[in-house]
Each structure stands twice: as C-alpha cells, then as structure tokens.
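For reference, the structure discussed in these notes is given below.
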Amino acid sequence: MLATLRRIVQEVNTAHDLEQASAIIVARVKQSMSADVCSIYLFDQGLQQYILMASEGLNPASVGVVRLSPGEGLVGLVGETEELLNLDNAPDHPRYRFIAETGELSFHGFLGVPIIHHRQVMGVVVVRQCRRCRFDESEVAFLLTIAAQLAGAIAHADARGEIKPFTELPAGGDNRPIVALPGAPGVGIGHAVVVYPLANLDAVPHRQSNDTATEILALEQALEAERNNIQALEASIHPALGAESRALFEAYLLMLNSDTLIEKSIARIRQGCWAPGAWRDTINEQAQLFESMDDPYLRERADDLRDLGRRILAQLQNEVRRPPDYPAQTILVGEEISATMLAEVPRERLVGVVSVRGSSASHVAILAHAMGVPAVVGAGELPVGRIDGCELVVDGYRGRIFVSPPQSVCDEYYHLAREEEVLVAGLEGLRELPAETPDGLHLPLYANTGLLSDLAPSIESGAEGVGLYRTEFPFMIRERFPGEEEQRTIYREVLKGFLPRPVTLRTLDVGGDKALPYFPIEEENPFLGWRGIRITLDHPEIFLVQLRAMMRASIGLNNLQLLLPMISNVAEVDHALHLIGRAYHELRDAGEQVMMPQVGIMVEVPSVIYQMETLASRVDFFSVGTNDLTQYLLAVDRNNPRVASLYDGLHPAVIRALIQIVSGAHLLDKPVGVCGEMAGDPLAALLLLGIGVDGLSMSAASMPRVKAVIRNFTVSEAREALDQALQYDNAAAIREHLEQLLEQQGLGGLVRAGK
Ligand code: PEP
Ligand code: MG
C-alpha cells in the first residue's frame, strides 16, 4: 500500500497541469482499490463550485462540465462537513442527487473524502462501486491518506504555477488579493521578475518565447556541451571504472541522443515555450513514464533521467544566464529570496520583494526592511511559475499581493503610495529630534546593520549607535571565511562611521536559516541545531580570528561592544568570556593597544529568561532577539509558511517573557535592549516603552516611525497601554488595541498604507 501511495504521489508531483495530475490520481486509485469509478471534484474558489476535474469510470464527456454548488449532492455534503462519507447505497441518502451527465445510474457503493489543505477544502475525491457495499477500513484509510497527500501536492503544484486552474490566475484582473504575511512595510507597484535557483528543474518558471530558432539552438548547444562533458568524463576515468559505471555513462549518452527527448522538447518550443520550460516538461513526462513501470530496474532509471535533466538544464542556464532585465519598477519574486538575489537588482529599480517562503522574522524580510523595500513573505498561494512579467501590487503592511490588478486597485495604491511618501517626508523632520517621550524619558534608538550598503542610511538615520551588527552578512557574500585583516577592515568602517557612538558587533551567527555557501550544515532541525555560539565555541580557530579582528578594529576608537548570539546556558557564556579574554591578552602581549570591550548576550533562547540573575553577574548588557525568542517560545519555525500565522511577537506569552527579562536584568542594574524586528514595529515599540527596556535597535527605515511613537506617548500612557494589553488573551486583540491607540493619536498611518 505504501509503495503504491508513494508512486502515486511521486507521479502527481511531476504533473505539470491539473488535468494531468487528476488523471493520474483517478486512474491509479481506481486500479489499486479495484473500484468501478474514481473521480475528483475540485473546489474552484473563483466560481465557488465543485467541478468534476477527472474521472475514470464516469462518462468522459462530463469532465469539466459537471459543476456542483457547495451544498449540492453527496460531494457537497462531504465538502460541507469536512468528513468522509461511506455509503453502501448512495441513492438511498437524502442528499443524493442524480446527475444525468455522468451516466452514473448503476452505482451504489460510495466513498467520498474531502481534500483539505490548511483547513481549506480544496476538493473531494470519490470512489464508487456498482454493487452495494460499504468500503472496508483499509480502503477508507487508503483514500484518506491519498487525499491528505494530494492536498499538499495539489496546493504546492498550484502555488508553483505548474497547474492551470479552470479560472485564470487567482487574482487575475480582479481586485481579490493573495493573502500572505507582512515582510517589510510600504507599498510597491511594479512588474514581477521571478528569480529561481539554478539547475533545479522544478524551479524553472513558465515563460513564453516567440524566438523559436534561438531557443532550439540553445537547447542543441546545451545537449552538445553535455555530450562532450560526459564523453570527456568517461575517457578520463575509464580504466578505473567498473562495467556498471561504464554502462551508466553509456546510458546517459543514449538518453542524450534519444529522439524522444529532443523531438518532444523541440515540439514544445515550437508551441511557444522557452527552452528550459520545454526541457523541464519533457523530462518530467518521460521520468514519470519510467516511474509508473512495475520493473524496479526501469523505475530506477527515472532518477538517471532527472539527473541528466538537471545537467542539461545547468548547461542551458549557462547559455541563457544573462542577468534578467530588471524593469524600472522591479518586484523581485521567488520561492526563497537570498541576499545575493537581492543584491543583484540595482537598488533604484527595486520597489518590492515577494517570497513564497518565510515569515516576518526571516532574513529576507529583515534584509528588505534594512533596504527600505516593501516586502510580502509566506506567499504560499502565489503561482510563482506563472507570474513573471505580470504587474503586481505589493502591500507590505498587510501582507497582500495583487496580480495584474484592475486599474481601480492600482489607482488606489498609487494614491496610498503618494500619501506614504508625504508621511515619510514628514517623519524626516524627526531625524534631528531626540527619541524622547513628552514627559522627558529618553529611549535611545540604535541601528541594526550588517550590509555595507545600509551603513550610510544607518549613520544618517540619527541612530545613537549600532545595536546589532550582524557579522554573518559579510561572511555570506564571500566564497570562503574572510581573513582577520579583511574582517578588521569591514568592522573598522562601521566603528569609525558611528564614532563616538557605541557599535555592537555580534559574533558570527550562522546556522538555522543562515547558511554559508562554503560551510554547509545539513540538519533535520536546523533552528534547534548547530547555530550561533554553538558553532563558534566548537570552532575556536574561527571565533578567535573574529574576536581579534573586532578588537583590533576598535583600536584608538574604543566604541566596540561584543554581543554573543544563541546563548542557552551559563557554561557557554563562561567559555566565550574565556576566549574573549584570551584574544585580548594575546593581542596585548603582541603590543596591540586593544581595550577590553563590554560584552553582552542575546536573549533569544527561553532558558535564558530563567537564569537572568546568574547571567547578569557575568555580562555587561542584554539584547533581546525577539525574532528567535518568539520562534522558540511559541514553537513556531520563523520561516515555515504553514505555521507562519501562529508566529506573532505580540502573543501574550512573549510580552510576559519580556517583562520578566527586563526585571531580571534590572535587578543587577544591567541594561537590556531589544534588537529583534519587534523593536522596529511601532505597535510593539509602544509596549516595549511601557515594559521599560533601555534601548531599541532597528533598521534605519523603521526609525522615524518608532521615534514618532516615542515622541507621542508618555511613559505612563505606554504603561497603561501595556496593562490593557495584558488583559487580552491573544495577539490579534492586543494588535487591534494598539492600533486603536495609534489611530487616536493620529498615528494610524505608521502601521498601514495611507495617511
Ligand atoms: C533575533 O533573533 O531577534 C535577532 C535579532 O537575530 P537574528 O534575526 O539575526 O536571528
Ligand atoms: Mg536570532
């Protein structure tokens, strides 16, 4: 059963349109359950109807024709109750509805199972028998499993644009947005440029091309180049190879010369597809053929074919790899947007970022924030593969995307964007003013930085120093660990830029979702694994180089503060302090005029909350990383769009944790700041003021908004806002409450589009 199931799911994953996927499912399910009929009804959101998408056993002419409203017939009942229905004689059921078009007169046994994804009914899969019979437990379990697997596969394929629904693009030409998550505030209107990882067949987006000759030539050149590659490889290591390996090379060459692969791809190109898309479809189709074979040897060949497919794709991408033409108003769209993808777009052309993965605390959001570009993340419903070149409106406040919206939506957002410009220009005036409450409390605002490109805006933002310099970014954009002198130069630029203001350099915090291309870490649970201080303590040779570079960078400036990430116990702090002391003494012994910097730790692992006093006696300051703290307190992966709606820094538990952290640190008079994304959120900033934190560190782009909040609320008003917030038991209610407070002060425009 499991093998059958796997094979079906595998096949469905490779289907490139919904008809094909559905046809595979119904044929395989009917066969493996020995049923007389298997049908899939998909719920079309646009039409609000169940549509018979595929059937094996019903009249083929009824496919695509039979449509049921949500409450209609047994299919409607399964969808409505979100429960399976197992009947020995369907016509006896009061909700049974006879549908003439399907020619279903002679069927009695009925089993219907809803296909549900993210609590949403996507369709119903039905099997029927001519005879009267209830389906047994194992059959029911099989269909339930199929439906659950399919829900993900269908949603995923749909999101990638590999499936063409009956209605066109989900928001095509109408004013319904795709609902995702806010990544960075602001409104962006422009054209989608879809970026994707190379040599990944599944990531190739759909693109039209009318230049058939060029596309065919590109494919032929790619095939020729790979033929040469394989022959050269075979020739160079031939003597050492066993017969089996030689056979593999020969099989690859045979496949490469196969008329089927070439002709089918060329036929697709002639139909208007670009070469990578045509090649992807041909490989998927052929691999699927192999996968459906019963002979295990032949089934295995599907993997070889996919491998070959990737190799040719890599060649093809070498051929076609010219940086995309970034239009004047580019909205960068991708499954996952990396720092390098962002860096490739000329800054003046980038007006928005959309990432399928991620939440408001993932690094793409943080980068977009730092660059002041509106971003929407966790856009799992976006048909990425089909929107290259489409006009998009990105609402980074609410996490909404409009695809090819009508003029009225564009006009509305142009209007909001203009209002926004006015608001930002108005906030500019705050730059020179202190971050002081009307009753005279000064709450220092610091900058979060790490990209050299955001250094100038941070310096000019009026920040009172750097609260968080993420050293991993300069590590990420290199091809090897930067050397001591290289690092010293980078750090000195920051320290000098802010002199005499303090600069907090955080030691390397890789792992989790921040990978170094030259230091890959493969883990099942990367966020619970080897990250931050855990790596650097295990690699003192890397840590000591960084510590020396930091201290030497500060010679003569002496505005360095050191921050240790991912601390979860006292021993880590002691060990790190020991290494810091060692680096200091070694440098002093070598005659370098370094000074011992202040040392602080990040509070981002919940265990720290319960050892604040012990830790406070060892370090000089604390900095709360609310991005990770929220993820670990709520057990919600900050990058997983499936659970992203559960990720919320305004959760009452997070607020209570913050209160405890601040009182713990203050017991020993140690200052505590916040450097996670919460600090840059005007709503959360009001609460943090009430909680009594000693500083907030945020991207330069967020600073004016947060300063506006601080300058408009007294400490006692902020404390009252906090007390009221604590009366609520959920984040949504707290958010609404804080929004109201901002609206009452005429500051609503800080957290939504418009004035
Ligand atoms: C945090 O976790 O809140 C933080 C500031 O660190 P990072 O986002 O780099 O993990
Ligand atoms: Mg962190």
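Against the test of being surrounded by 15 or more Cβ atoms within 10 Å (Cβ to Cβ), at pLDDT below 95 and within 16 Å of ligand 1 (Cβ to nearest atom), the options 474, 482 yield a single qualifying residue, 474. Condition check for residue 528 on (1) in contact with a Lys or Arg (Cβ under 9 Å, 6 or more places away or on another chain); (2) within 16 Å of ligand 1 (Cβ to nearest atom): one failure, at (1).
Answer with yes or no whether residue 449 is over 24 Å from the mean Cα position of the chain (by Cα), hydroxyl-bearing (Ser, Thr, Tyr) and within 16 Å of ligand 2 (Cβ to nearest atom). Lay out the reasoning, then the answer.
On the way: over 24 Å from the mean Cα position of the chain (by Cα): no; hydroxyl-bearing (Ser, Thr, Tyr): yes; within 16 Å of ligand 2 (Cβ to nearest atom): yes.
So residue 449 fails the test.
Restricting the stretch 617-640 to residues that are surrounded by fewer than 21 Cβ atoms within 10 Å (Cβ to Cβ) and among the small types (Gly, Ala, Ser), which is farthest from ligand 1 (Cβ to nearest atom)? Once the filter is applied, the top-ranked residue is 617.
Any residue at all in the stretch 691-698 that is in a loop (DSSP other than H, G, I, E, B), modelled with pLDDT of 95 or more and surrounded by 20 or more Cβ atoms within 10 Å (Cβ to Cβ)?
Within the stretch 691-698, the subset in a loop (DSSP other than H, G, I, E, B) is 692-694.
Filter again for modelled with pLDDT of 95 or more, leaving 692-694.
Within this subset, residues satisfying the condition of being surrounded by 20 or more Cβ atoms within 10 Å (Cβ to Cβ) are 693.
The answer is yes, given that some residue of the stretch 691-698 is in a loop (DSSP other than H, G, I, E, B), modelled with pLDDT of 95 or more and surrounded by 20 or more Cβ atoms within 10 Å (Cβ to Cβ).
Looking at this structure, is residue 653 over 16 Å from residue 566 (Cβ atoms) and in contact (Cβ under 8 Å) with a residue 40 or more places away in the chain? Answer is no for this residue. Would you confirm whether or not the stretch 410-426 contains a residue that is out of contact with any strand residue (DSSP E or B) (no Cβ under 6 Å at 6 or more places or on another chain), hydrophobic (A, V, I, L, M, F, W, C), buried (at least 24 other Cβ atoms within 10 Å of the Cβ) and in a helix (DSSP H, G or I)? Checked against the condition, which is being out of contact with any strand residue (DSSP E or B) (no Cβ under 6 Å at 6 or more places or on another chain), hydrophobic (A, V, I, L, M, F, W, C), buried (at least 24 other Cβ atoms within 10 Å of the Cβ) and in a helix (DSSP H, G or I), the stretch 410-426 yields no hits at all.
Listed by position, the helices (runs of 4 or more DSSP H) inside the stretch 565-658 whose residues that are more than 15 Å from ligand 2 (Cβ to nearest atom) number at least 1 are 570-589, 612-616.
I need the full set of residues from the stretch 532-564 which are within 28 Å of residue 636 (Cα to Cα) and either polar (S, T, N, Q) or within 16 Å of ligand 2 (Cβ to nearest atom) (or both), in order please. Walk me through how you get there before you give the answer.
In the first step, residues of the stretch 532-564 are kept if they are within 28 Å of residue 636 (Cα to Cα); the result is 532-538, 563-564.
Correct list: 532, 533, 534, 535, 536, 563, 564.
Residues in the stretch 331-365 that are surrounded by fewer than 24 Cβ atoms within 10 Å (Cβ to Cβ), of a type in the set (A, V, I, L, M, F, W, C), part of a helix (DSSP H, G or I) and touching a strand residue (DSSP E or B) at 6+ places or on another chain (Cβ under 8 Å): 341, 342. Scanning the stretch 561-578 for residues that are buried (at least 23 other Cβ atoms within 10 Å of the Cβ) and either more than 20 Å from residue 470 (Cβ to Cβ) or in contact with a Pro (Cβ under 9 Å, 6 or more places away or on another chain) (or both) yields a single hit, 562.
On the basis of being within 16 Å of ligand 2 (Cβ to nearest atom), surrounded by fewer than 19 Cβ atoms within 10 Å (Cβ to Cβ) and either more than 20 Å from residue 587 (Cα to Cα) or of a type in the set (Lys, Arg) (or both), does residue 529 make the cut? When the stated conditions are applied, residue 529 passes them.
The listed residues are 469, 491, and the only one of them that is buried (at least 20 other Cβ atoms within 10 Å of the Cβ) and more than 16 Å from ligand 2 (Cβ to nearest atom) turns out to be 491.
Considering the stretch 641-656, and only residues there that are surrounded by fewer than 19 Cβ atoms within 10 Å (Cβ to Cβ) and of a type in the set (A, V, I, L, M), the residue that is nearest to the chain's Cα centre (by Cα) turns out to be 643.
Give the residues of the stretch 82-96 that are touching a residue at least 24 places away in the same chain (Cβ under 8 Å) and exposed (fewer than 14 other Cβ atoms within 10 Å of the Cβ), sorted by residue number. If the condition is that a residue be touching a residue at least 24 places away in the same chain (Cβ under 8 Å) and exposed (fewer than 14 other Cβ atoms within 10 Å of the Cβ), then 82, 83 are the ones that fit. Looking at the stretch 579-590, can you tell me whether even one residue there is in contact with a Pro (Cβ under 7 Å, 6 or more places away or on another chain), away from ligand 1 (no atom under 13 Å from the Cβ) and not aromatic (Phe, Trp, Tyr)? Yes, the stretch 579-590 contains a residue that is in contact with a Pro (Cβ under 7 Å, 6 or more places away or on another chain), away from ligand 1 (no atom under 13 Å from the Cβ) and not aromatic (Phe, Trp, Tyr).
Are any residues in the stretch 503-526 farther than 22 Å from residue 479 by Cα and away from ligand 2 (no atom under 16 Å from the Cβ), and if so, which ones? Talk me through it step by step, then tell me what you get.
Applying the first criterion (farther than 22 Å from residue 479 by Cα) to the stretch 503-526 yields 503-504, 524-525.
Within the stretch 503-526, 503, 524 meet the criteria.
Just name the residue that is farthest from the chain's Cα centre (by Cα) out of those in the stretch 499-513 that are within 12 Å of ligand 1 (Cβ to nearest atom) and over 11 Å from residue 535 (Cβ atoms). Of everything passing the filter in the stretch 499-513, 504 is farthest from the chain's Cα centre (by Cα).
Within the stretch 267-306, restricting attention to residues that are at pLDDT 80 or above and among the acidic types (Asp, Glu), the residue that is surrounded by the fewest Cβ atoms within 10 Å (Cβ to Cβ) is 285.
The values are calculated or read from the model by the stated rules, or taken from the named source; none is laboratory data. What you see is a predicted model; the values in this text were computed from it and never measured. Note that we place each Cβ from the backbone using ideal geometry, even for glycine, and neighbour counts take in every protein chain shown.
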